[in-house]
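To start, the structure under review is shown below, and the notes come after it.
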Amino acid sequence: MAQRDAPTHARTIRQAVLRAPHALSLADTVLPVPADGEVVVRIRAALTCGTDLKTYRRGHPRVPFGPFGHEGAGDIVAVGAGVTHVAPGQAVVFMPTAPCGACGPCRLGRENLCETLFSEMAVGAYGDALRLPARIVRRHLLPKPERLSYIEAAFLEPLACVVHAWRRLGTLPGPRVAVVGLGPIGLLHILEARRRGLEVAAVGRRAGAREQAARAGAARTIDAAADPGRALRAVWTDGPDVVIECTGSDAIWSAAPAWAAGGGKVLLFGGLPGGTTAAFDATRLHYGEVDLVAAFHYCSEDVHAALALLASGAVRPRDLITEIRPLDAIVQVFHDLDRGAGAKYAIVPDGTAWV
């Protein structure tokens, strides 16, 4: 069966390419052609994220250098042979990875730990178009809900990671939650905690981020430059029931169990550089029965749950966008992020309007 194309006049496209740390450029390339089972998507909106910023700064063990960006939504341009559940012109949202479904972890329901999860990634969302591997097309290419803008739909990937983390937390020991680190992921955790009716204290360094946390629903905000443990106990005498670590700092990983109430849980969400060792107070963990819970990536059920939250309006991430920038400004966007200007930009290839 031949591929099916949507009408298009542009066969040369722009693509952001990261060749090494801080070596980002926008290059011209050829519009990709989908192989069997693949799809080519015209990107309507892509989002910057903390993982991309880490990759920009120092590289990433799971994200290769090359075409850059992994959070996005758009319209189908062309489909390869065998693809029947989407058609050219259709609005879609995609995930950057999908599990194989056959390895040991997949068979146990731990799809986020799939042995070949990163062997077929969809990277290159900072561009005019992106070819999606067949595995992603089968599992994680979904119709964009009509009520969602492309920018809101592109939040699917980070929200799925947050949904997975809360599923890992399981039954909570109580309703008091401290979110430490107020980047976009921390703010998504606040939105999810408030959706569940929980009381939130937000800990962050930047005044602007603390103000944003308050708008997201945090009842208390705390300057991380102070003593967070003491400040949290000024809010709750015995400390929060759950501490959610979103800084990616080994010092915060180590300190967080002392901040939690006895019988509490600490969610270790922010990843650390490879080879990092974090030290914990064994007395606090043992005699305080403080549980450490790690969360990584997402499973397919998290993807569908996150899309339902976005589609229903139960989670509204629009206010998390710092600014909309055109694709031509992508190099400047990462210069700005690297110096701490802004937190999450929407990259719209065709301009700066909300789409």
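The values are calculated or read from the model by the stated rules, or taken from the named source; none is laboratory data. All figures in this text were calculated on a predicted structure; none of them were measured in a lab. Note that each Cβ is placed from the backbone with ideal geometry, even for glycine, and that neighbours are counted across all protein chains shown. What goes into the accessible areas is simple: the full protein's heavy atoms, side chains included, and nothing from ligands, DNA or RNA. Shrake-Rupley method; radii C 1.70, N 1.55, O 1.52, S 1.80 Å.
Work out, in µm²/s and without decimals, the Stokes-Einstein translational diffusion coefficient of region 250-294 at 25 °C, 0.890 mPa s, Rh from Kirkwood over C-alpha pairs.
My calculation gives 228 µm²/s for D.
Which whole-angstrom value gives the distance between the alpha carbon centres of region 37-101 and region 296-355?
13
When all protein chains stay in place, what accessible area (Å², nearest 10, 1.4 Å probe) is found for residue 68?
Answer for residue 68: close to 10 Å² accessible.
Identify all lysines with a Cα-Cα distance to residue 54 below 27 Å; exclude those on the same chain that are fewer than 8 residues away in sequence.
Those lysines meeting the cut-off are 265, 344.
Under a Cβ-only charge scheme (Lys and Arg +1, Asp and Glu -1), can you give me the dipole magnitude of the chain about the Cα centre, in debye to the nearest 20?
200
Divide by every residue of the chain the summed helix terms, -39500 (n - 2.57) for each DSSP H run of at least 4, and state the resulting mean residue ellipticity at 222 nm, rounded to the nearest 500 deg cm²/dmol.
-8500 deg cm²/dmol
Using a 10 Å cut-off on Cβ atoms, rank the peptides 137-143, 227-233 from the highest mean neighbour count down.
Listed from highest to lowest mean packing, they are 137-143, 227-233.
Rank 218, 308, 129 by mean-square fluctuation in a GNM of the chain with C-alpha springs under 10 angstrom and give only the top-ranked residue.
Its mean-square fluctuation being the largest, the pick is 308.
Under a GNM of the chain (C-alpha, springs under 10 Å), which listed residue has the highest mean-square fluctuation: 205, 176, 11?
Comparing 205, 176, 11 in a Gaussian network model of the chain, the most mobile one is 11.
Rounding to the nearest 20 debye, state how big the charge dipole of region 263-355 is about its Cα centre with +1 on each Lys and Arg Cβ and -1 on each Asp and Glu Cβ.
140
What span do the alpha-carbon atoms of region 106-232 cover on each of the three principal axes, reported in whole Å from largest to smallest?
50, 37, 28
Counting only protein chains, not ligands or nucleic acids, how are 277, 48 ordered by accessible area (probe 1.4 Å), most first?
Ranked list, largest accessible area first: 277, 48.
What is the P(r) of region 1-145, as percent of Cα-Cα pairs per 10 Å bin from 0?
So the P(r) values, bin by bin, are 12, 40, 35, 13, 1.
Based on alpha-carbon atoms only, what is the radius of gyration of the chain relative to the globular estimate 2.2 N^0.38 Å?
Cα-based Rg divided by the globular estimate yields 1.00.
Where the centre of each part is set by its Cα atoms, how far does region 140-162 sit from region 109-136, in angstrom?
What the calculation gives is 15 Å, centre to centre.
Could you order 206, 339 so the one with the most accessible surface comes first? Probe is 1.4 Å.
Descending order: 339, 206.
Which of 228, 279, 292 sits closest to the plus end of the dipole of region 216-355, meaning its Cα is farthest towards the positive end, when Lys and Arg get +1 and Asp and Glu get -1 on the C-beta?
So the residue furthest toward the plus end is 228.
Quick one: dipole size for region 187-293, taken about the Cα centre, charges +1 on Lys/Arg Cβ and -1 on Asp/Glu Cβ, in debye to the nearest 20.
In debye, rounded to 20, region 187-293 gives about 400.
Mean-square fluctuation check for the chain, GNM, Cα pairs under 10 Å: which of 276, 97, 29 is largest?
276
Restricting to the chain, what percent of DSSP beta bridges are antiparallel, rounded to 5?
So the antiparallel bridges in the chain amount to around 60 percent.
What is the pair-distance distribution P(r) of region 167-277, computed from all Cα-Cα distances in 10 Å bins starting at 0, with each bin given as a whole percent?
Pairs per bin, as whole percents: 16, 53, 29, 3.
Please compute the contact order of the chain in relative form: average sequence separation of alpha-carbon pairs under 8 Å and at least six residues apart, divided by the residue count, as a percent.
Dividing the mean separation by the residue count of the chain yields 17 percent.
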